[in-house]
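To start, the structure itself, in structure tokens.
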């Protein structure tokens, strides 16, 4: 090859390099990788190309947590299952399942959430129960195998039975034994003093004496020489009574005085001071309910209502009656009442206003609305409504919720 040919080849090579070079003063373009490539966001969510995260409403919106959905109009994440959930005792709503939890667990009855830990509501602290009774931590009441005994009863072999020592007034140094209801000197195994005898501590024996000298008893009572006190129904202390102030002894019974002194009535019941028994709502003219009945006010009148099976077939109510649910009663109660006329989404004042299969719920701000009860989603037939509240909020029964429209 001649020198001329070599020169031409070299010049062509230089020209080709110049064609691909960047002119002085020019900048190169850098290609940025899009992190949203193949990322699919849910409804109302927008992918942030800088992070690849799905955000609510816009690329600057919040990132929704598990169980939350996005309202694209407001750019706010919310949980449909928690929207109407009201948690108590320090618990908070879990957006995934709508249950009130303490940390990751649900507190049991009688517990409250403190620093994300379930602790016992110690209502029994410092409470001493009589023999056989155990304090119930839910209400702090001494019970016999879960049952609160009535006044004058004791717990024997797990059952409330009439206490043979109720109202028994023993003489000084004597103690009533529940085995036989008799007053024994210095303890349940000691001797039983007869009329005219007194229990002496030093000898633990019954010694004859007369303590009735100069004792004057009122009408119907007589002095027992064993204790020198006026007894109603006989002069033997072991089988008679001592009337309280304001009472009169008539035919061996102490009449009058405070008949409600030792009587404990259930919630919504009041003791009748004239009869010494519990009435529904009013101590003066309230009805006397059977043990199984529910005491409640229907149409501003206290009534003994029959309990019933909510959403059951049959419910247990008679003709022209419906099984309604009243969340305002403690723990919520289902009972038979006249059929209400208001349907779903209509305003209500009381539980009895709503038709069967619905419930009157209080949403605050003086707003009470009839809501359709449900046990599963298929029962909410109105478009856009969901069966929520099945975790016990609004005092609804377990596994029963209500149909609510979710925006």
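The values are calculated or read from the model by the stated rules, or taken from the named source; none is laboratory data. Nothing here was measured: the structure is a model prediction, and the numbers come from that model. Positions of Cβ are backbone-derived with ideal geometry, glycine not excepted, and every protein chain shown enters the neighbour counts.
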Original post:
Would it be correct to say that residue 129 is more than 25 Å from residue 363 (Cβ to Cβ) and modelled with pLDDT of 80 or more?
Top reply: yes
**OP:** Would you please name the residue that is surrounded by the fewest Cβ atoms within 10 Å (Cβ to Cβ), looking only at residues in segment 76-96 that are farther than 13 Å from residue 392 by Cα and out of contact with any strand residue (DSSP E or B) (no Cβ under 8 Å at 6 or more places or on another chain)?
**Re:** 96
**OP:** Could you grab me the full set of residues in segment 365-388 that are surrounded by 10 or more Cβ atoms within 10 Å (Cβ to Cβ), outside any loop (DSSP other than H, G, I, E, B) and free of Cβ contacts under 8 Å to residues at least 60 places away in the same chain?
**Re:** 368, 369, 370, 371, 372, 374, 377, 379, 385, 387
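Let's see how each residue does on (1) under 30 Å from residue 260 (Cβ atoms); (2) in a loop (DSSP other than H, G, I, E, B); (3) over 49 Å from the mean Cα position of the chain (by Cα); (4) at pLDDT 80 or above:
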residue: 175; (1), (2), (3), (4): yes, no, no, yes
residue: 180; (1), (2), (3), (4): yes, yes, no, yes
residue: 189; (1), (2), (3), (4): no, yes, no, yes
residue: 195; (1), (2), (3), (4): no, yes, yes, no
residue: 245; (1), (2), (3), (4): yes, yes, no, no
residue: 248; (1), (2), (3), (4): yes, no, no, no
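Tell me yes or no: at least one residue of segment 140-160 is closer than 30 Å to residue 200 by Cβ and either at pLDDT below 85 or assigned by TED's automatic domain parsing to the domain that holds residue 189 (or both).
Here is the first cut: in segment 140-160, the ones closer than 30 Å to residue 200 by Cβ are 154.
If we keep only those that are either at pLDDT below 85 or assigned by TED's automatic domain parsing to the domain that holds residue 189 (or both) too, we end up with 154.
Yes.
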**OP:** Test each condition in (1) within 28 Å of residue 91 (Cβ to Cβ); (2) surrounded by 13 or more Cβ atoms within 10 Å (Cβ to Cβ) for residue 321 and report the one that comes out false.
**Re:** (1)
Original post:
Within segment 282-318, how many residues are closer than 28 Å to residue 374 by Cβ and surrounded by fewer than 13 Cβ atoms within 10 Å (Cβ to Cβ)?
Top reply: 7
